[in-house]
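The values are calculated or read from the model by the stated rules, or taken from the named source; none is laboratory data. Owing to the predicted nature of the structure, the values given are computational and were not obtained by experimental measurement. Every residue, glycine among them, receives a Cβ derived from its backbone with ideal geometry; neighbour counts consider all protein chains shown. All accessible areas refer to the heavy atoms of the entire protein, side chains included, with ligands and DNA or RNA removed. Shrake-Rupley method; radii C 1.70, N 1.55, O 1.52, S 1.80 Å.
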Amino acid sequence: MSGISPWAAAASNYFSDGKPTIVYAKTIDTFTFTAHCSNDSLWVLAKWPKGGKIAFRTGYSPDGGLTIKSQTETDNGIIFFLDAIIGDITVEIQFPDDTNTCLRYTTTLKPRTHLLIPFWPRDVIIPGNDGKPGNTAGKVQVKQVGTRSGMVYFNITRPKCGSVLYLQNLTALNNYCRQTETTAGETVGGEWPELGFRPAPTTDKPLQAGKEVVISDAIVIFEAEVPAKEAAMVEQYLDMLARAYLQLPKPDTNYQDWPEALEKGLFDLIDSPGCWSQVAGHAYFNAYVSDYVTPPEIMVQLAVLLPLTDYVEWSGKKMDVIKGIREALPTFYDDKLKTIMRWLPAAADKLEGEEEQKEPMTMDSWYLHHPLLNLSRLALKGDKIAEKLFIGSLEFAIKVAHHFKYQWPVFYKMDTLEVIKAETAPGMGGEHDVPGLYAHIMLQAYELTGEKRYLNEAETAAKKLQGLGFGLFYQANNTAFSAGALLRLSKITGNKLYKELSYLCLANIFKNVKLWECDYGYGKNFPSFFCLFPLNDAPYTAVYEEQEVFCALHDYLKHAEGEDILPSISLLLAEYIKYLVNRAIYYYPTMLPKEMLSDKVKIGEVDPKLWIALEDLHDGWEKSGEVGQEVYGAGNAFGILPRHYLRVPGESFMISVDYPTSSFNARKGKSIKFTILGDSRLTSRLVIVKMDNKKLPKFTVTASGQKQDVKGKTTSRGNIEYTINGGQSLKITWA
């Protein structure tokens, strides 16, 4: 039996006790909004056309005494100046978009004394039409976990009136967090019927008297529909998230010198002894710098080899290191089981079982499929070693899929298929996104061999993703790979179910991002807006998973060319990619102050002078790099250059674009054409990058739909930067 707090009871009573005085009213589309001032709260009451309502506590004064000193109407809303026992409160209420029902309210507090806030009620109450919130019902689909986006998305089902996506702009809370030394994590959520935001409690460090501080900045999107099916719910969520994102203040980006980072990273990867181990005459990449205890893993070799191969294809350069790694891959094959193994069989006896997966025959379900996926990519490029290993392992992978009925546990034994760990947590099931990863492998096998049974396997596995909702996500890169595979499957079969399931995968990705910039504590040393967490409950972001998601989303957009995909997906994918290009360079410890690096390292050691990425970046009050320095995250720069630097044959410059692009055409003569993807309402950075000391020629940049040429500015390095809207075709000419 669920209950409500005294604050929810008081709020519900306020709205059921006659007709509270309206101090402001606004109608947007079919929604009505009214503002009311009780003795302790300034409320905005939103009413659906079907009769449901929801109350937003935009201002609050504990123990009453709240009064309106003055109010000023603006072009799109109103500003209230409030007097409270605790200080002066200003609430700006905006309705920023007349075509979409959106409410934004920003609350600032100027305390009269040094103020501790041990408790604060949440700012969203569903009071019910009769003033009894117990008579309402709804389903919370998404809410904040850790330091992810300050978001809650829910449907109101009794009365069945509509859906809400609430997004707190946690970037605006940085000053609050700095003063109080609190985190913005776990501040948005709640339980029905009390949802939304409440600031982190302060019991030690107070807000300073006389200094204004933002204590809330909420963006709320409304819909009049309660989706009946999973696909409709996913589409609604993505659409509402994109609409909220357009209203969200976003940090600026900077051009990062990825060619220089790549050269430094390549030197350290090859030259540093800490990146390598020798076993039985072969050289292998370590998983972490100076980790000589853990035996070589096939995933690690391939996670570095694939980005290196991409870079070689893009640059035309040769890398001797690739040859040695390729030739060592067959040493991971087990002739008895007829499959590749996670651990190098020749060194598996070094495993000491200190973690449950560190046993010779223990397999983490996704870990079998991920190397097979990378082997298939190499095979499709014509690599015969990879093809033999891939084809030679397929029957084992299919046997495992059939044994577990396409629903994989977390850990199992390779030789007996005995389940070692069935669920990620009690009642949560196994690794839910593995069916999508398996489908991807089967599609690769189908493309490589033409055998229809692999396509049938892909379809059977893909259908297991139905009904998982926002519980599909197990590991970010595997969920992203699944999205691309499902879109391909939709194109091959013509079955729209698979495209809808690809949207479900992407919705799970965006549930696990961080749509705010941390600027407190160590967070001020690196950008973190729109970063992605590797696991549902991971407390940090991780370079390897982000790098692979980045590549997978590029692949998704490539398969989406000519397809009718949701505009919200085009917008959100391009923005994630843009911000990753901006911030991923800060995974390198060389870009960070030493004092923010963890004193204790779980695996190997961290060398702050090496251009080898840290596994983990944390919240601002925590040090980073505590897991280790991730050799298998070395693909960071090698994945970015081929996708974001356009090479112009015969010229001494490159074109860098932080949005994804398509249809690059370097014509004979002095011109190129290409398309910038994304949404026309948002912008990307285009940089013409010098490759030598010669002066750049004079460029003319024209964009579709613009009458005038795009103007650029020369940077201190001699490059030329332009700001370009998404969703445009560009032509660049030069003398």
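Just name the residue that is farthest from Pro539 (Cα to Cα) out of those in the range 422-453 that are at pLDDT 95 or above, among the hydroxyl-bearing types (Ser, Thr, Tyr) and open to solvent by 10 Å² or more (accessible area, probe 1.4 Å).
Step by step, filter the range 422-453, then rank; the result is Thr449.
If we only count strands (runs of 3 or more DSSP E) wholly inside the range 640-735, which ones have 1 or more residues that are of a type in the set (S, T, N, Q)?
Ranges flagged: 653-657, 661-667, 671-676, 683-690, 699-703, 720-725, 728-734.
Assuming Ile325 fulfils every condition listed in (1) part of a helix (DSSP H, G or I); (2) of a type outside the set (Ser, Thr, Tyr); (3) touching a residue at least 60 places away in the same chain (Cβ under 8 Å) apart from one, which condition is it?
For Ile325, the exception is condition (3).
If you check Lys594 against the conditions, is it open to solvent by 10 Å² or more (accessible area, probe 1.4 Å), free of Cβ contacts under 8 Å to residues at least 24 places away in the same chain and more than 27 Å from Ser149 (Cβ to Cβ)?
yes
Determine if the range 245-252 includes at least one residue that is open to solvent by less than 20 Å² (accessible area, probe 1.4 Å), in a helix (DSSP H, G or I), closer than 30 Å to Arg104 by Cα and not basic (Lys, Arg).
Yes: the range 245-252 contains one or more residues that are open to solvent by less than 20 Å² (accessible area, probe 1.4 Å), in a helix (DSSP H, G or I), closer than 30 Å to Arg104 by Cα and not basic (Lys, Arg).
When you go through (1) part of a helix (DSSP H, G or I); (2) under 30 Å from Glu626 (Cβ atoms); (3) among the aliphatic types (A, V, I, L, M); (4) touching a strand residue (DSSP E or B) at 6+ places or on another chain (Cβ under 7 Å) one by one for Met363, which number turns out not to apply?
(1)
Can you run down the residue pairs with Cβ atoms below 9 Å, 6 or more apart or on separate chains, where the first is in the range 718-735 and on the phi > 0 side of the Ramachandran plot and the partner is assigned to a strand (DSSP E or B)?
Every condition considered, the pairs that remain are Gly718/Lys690; Gly727/Thr675; Gly727/Ile676.
Give the residue, chosen from Leu501, Leu573, that is part of a helix (DSSP H, G or I) and over 13 Å from the mean Cα position of the chain (by Cα).
Leu501
State whether one or more residues within the range 44-59 are modelled with pLDDT of 95 or more, of a type in the set (Phe, Trp, Tyr) and either touching a helix residue (DSSP H, G or I) at 6+ places or on another chain (Cβ under 8 Å) or closer than 30 Å to Glu181 by Cα (or both).
Looking for residues that are modelled with pLDDT of 95 or more, of a type in the set (Phe, Trp, Tyr) and either touching a helix residue (DSSP H, G or I) at 6+ places or on another chain (Cβ under 8 Å) or closer than 30 Å to Glu181 by Cα (or both), one finds at least one in the range 44-59, hence yes.
Could we say that Asn477 is among the polar types (S, T, N, Q), touching a residue at least 24 places away in the same chain (Cβ under 8 Å), open to solvent by 10 Å² or more (accessible area, probe 1.4 Å) and in contact with a Pro (Cβ under 9 Å, 6 or more places away or on another chain) here?
When the stated conditions are applied, Asn477 does not pass them.
What's the total number of residues in the range 602-622 that are surrounded by fewer than 20 Cβ atoms within 10 Å (Cβ to Cβ) and out of contact with any helix residue (DSSP H, G or I) (no Cβ under 6 Å at 6 or more places or on another chain)?
6
Is there a residue being more than 28 Å from Thr493 (Cα to Cα) and of a type outside the set (Phe, Trp, Tyr) anywhere in the range 452-468? Quick ask: steps written out before the conclusion?
Initial filter on the range 452-468 (more than 28 Å from Thr493 (Cα to Cα)): none.
Checked the range 452-468: no residue is more than 28 Å from Thr493 (Cα to Cα) and of a type outside the set (Phe, Trp, Tyr).
Would you mind stating whether Arg488 is without any contact (Cβ under 8 Å) to a residue 12 or more places away in the chain and part of a helix (DSSP H, G or I)?
Answer is no for this residue.
Return the residue satisfying two criteria in turn: it lies in the range 624-639 and is part of a loop (DSSP other than H, G, I, E, B) and within 21 Å of the chain's Cα centre (by Cα), and of such residues it is farthest from Tyr540 (Cα to Cα).
Ala634
If you take the residues of the range 369-407 that are aromatic (Phe, Trp, Tyr) and not in a helix (DSSP H, G or I), which of them is surrounded by the fewest Cβ atoms within 10 Å (Cβ to Cβ)?
Applying the filter and picking the extreme gives Phe404.
Among (1) in a loop (DSSP other than H, G, I, E, B); (2) more than 23 Å from Pro249 (Cα to Cα); (3) open to solvent by 30 Å² or more (accessible area, probe 1.4 Å); (4) not aliphatic (A, V, I, L, M), where does Pro127 come up short?
(3)
Exactly one condition in (1) in contact with a helix residue (DSSP H, G or I) (Cβ under 9 Å, 6 or more places away or on another chain); (2) under 23 Å from Leu389 (Cα atoms); (3) open to solvent by 20 Å² or more (accessible area, probe 1.4 Å) is false for Leu302; which is it?
Condition (3) is where Leu302 drops out.
Which condition does Gly604 not pass, out of (1) out of contact with any strand residue (DSSP E or B) (no Cβ under 7 Å at 6 or more places or on another chain); (2) at positive phi, if it passes all the others?
(1) is the only condition that Gly604 fails.
Give me the residue from the range 557-591 that is of a type in the set (Ser, Thr, Tyr) and over 30 Å from Lys609 (Cα atoms) and, out of that set, most open to solvent (accessible area, probe 1.4 Å).
Ser570
Output the residues belonging to the range 253-291 that are charged (D, E, K, R) and open to solvent by 50 Å² or more (accessible area, probe 1.4 Å).
Within the range 253-291, Glu260, Glu263, Lys264, Asp271 qualify.
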